[in-house]
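Just below is one structure, and these are the notes that go with it.
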Amino acid sequence: MCGVSPARGLGGRWQGRFGVEWLGADLVLLRADSSRWPSPGNVLVVLDRDGAALVDCGFGTENGMEALEAGLRSVGRSLAAVHTVLCTHPHTDHAGAAASLAAGRRVLVPAGARAILDDPALVAEAILPPVVREFAPWLADLDIDSHFQDECGAVALPPDHAVEEVRPGAVIRLGGYAWTAVPTPGHDAHLMCYWEQRTGMLVYSDLLVTRGTAIPWYAPGGGGTGAYRESLRRVAALEPRLGISGHGGLLEGPHAVAISIEATERQIAARTERITAALARGPATFAELERCVYPPAVHDVIPWASSVTAVHVTEALESGAAKAGDGVFVATGGLG
Ligand SMILES: [Zn+2]
């Protein structure tokens, strides 16, 4: 949900393809040719004797499905050969195709995410919760539900499909790999990273800072900055040797993964610091505080960038560091 390009706005459609990056004889990353919004997340393909298993599946749009088919064909498989779809989280750039793929296949989603994927309106609400629209009334009429349905092909999962919910710590065997589910709330309340202990691979999806995107991105309801930072510590403790991103390229080697984890943590902390400093200078509107988080051009492309500011403002209010009044936020030290 977080790719950024000042050149394209809401209403653009991904017409791209997946590039193919072999990670092993039986493991391929189908990498979207762009991380600009709207573009699908990467798809990890595990090849086995029965066909193929996917970790995330990209957009369910016509082009999204064609691109997935083309990507699979270039590695000797097809959509028909896919028997399993494992999702990292219910954002529709990663799981948009799940509904189209569900029939006749094993579909696994993080525990608690089923209800969201059953109802595309809930996906939109998780991205831009009502509290953000209260802070940013200029977003009140933004129909992001329709936007995600159009751009990501987000449709409800078939109601009678037996989707499996992945619990924290569950081990999912796909081909020659055993993926342990590591809960990593923050970006989304249900974000699950998948850790392959034998090889040191971590599918980190949208957890870590990714060039050309707004990540780290988060919204009220996703767990807050505290949960996000705890998630970072959780994956750091695994000491991954290969980081497999939801957008963009790979993090090769333990050093690259560690640097990315640190950079993500630093960016979140820096946002808090900038907002705290802005409030210390005097009363500030929500729009002014937004400039502490992203440049305005980001909001033109992904208006749900405001959700990140809303997390920081909510935390400042809840901690008592700031108070709201008369259309502005004020540091509590400056009230008297
Ligand atoms: Zn996401």
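List the helices (runs of 4 or more DSSP H) inside the stretch 230-336, counting only whole elements, that have at least 3 residues being under 19 Å from the mean Cα position of the chain (by Cα).
Values: elements: 254-281, 286-290, 296-301, 306-318.
Here the list reads 254-281, 296-301, 306-318.
Is the stretch 104-124 home to any residue that is over 20 Å from the mean Cα position of the chain (by Cα) and either crowded, with 24+ Cβ neighbours inside 10 Å or without any contact (Cβ under 8 Å) to a residue 40 or more places away in the chain (or both)? So far as the stretch 104-124 goes, yes, one or more of its residues are over 20 Å from the mean Cα position of the chain (by Cα) and either crowded, with 24+ Cβ neighbours inside 10 Å or without any contact (Cβ under 8 Å) to a residue 40 or more places away in the chain (or both).
Sub-9 Å Cβ pairs linking a first residue in the stretch 238-267 that is over 19 Å from Met192 (Cα atoms) and free of Cβ contacts under 8 Å to residues at least 12 places away in the same chain to a second residue that is within 16 Å of the ligand (Cβ to nearest atom) and part of a loop (DSSP other than H, G, I, E, B), at least 6 apart or interchain, are Arg266/Val209, ordered by first then second residue.
Only one entry of Asp50, Asp56 meets the criterion of being touching a strand residue (DSSP E or B) at 6+ places or on another chain (Cβ under 6 Å), at pLDDT 95 or above and closer than 24 Å to Pro159 by Cβ, and that entry is Asp56. When the strands (runs of 3 or more DSSP E) confined to the stretch 36-98 are screened for residues that are at positive phi, none reaches at least 3 such residues.
If only one of Val75, Val82, Val43 is within 16 Å of the ligand (Cβ to nearest atom) and of a type in the set (Val, Ile, Thr), which one is it? So that I can check it myself, show each step before the final result.
Details: Val75 fails: within 16 Å of the ligand (Cβ to nearest atom); Val82 fails: within 16 Å of the ligand (Cβ to nearest atom).
After applying the criteria, what remains is Val43.
Tallying residues that are modelled with pLDDT of 95 or more, farther than 18 Å from Pro137 by Cβ and surrounded by fewer than 19 Cβ atoms within 10 Å (Cβ to Cβ) within the stretch 296-318 yields 2. Taking the stretch 12-51 as the range and being over 17 Å from Tyr194 (Cβ atoms), polar (S, T, N, Q) and touching a Gly at 6+ places or on another chain (Cβ under 8 Å) as the test, the residues that pass are Ser34, Ser35, Ser39.
The values are calculated or read from the model by the stated rules, or taken from the named source; none is laboratory data. Here the structure is a predicted model, which means the values were calculated and not measured. Using ideal geometry, Cβ is built from the backbone for each residue, glycine included, and neighbour counts are taken over all protein chains shown.
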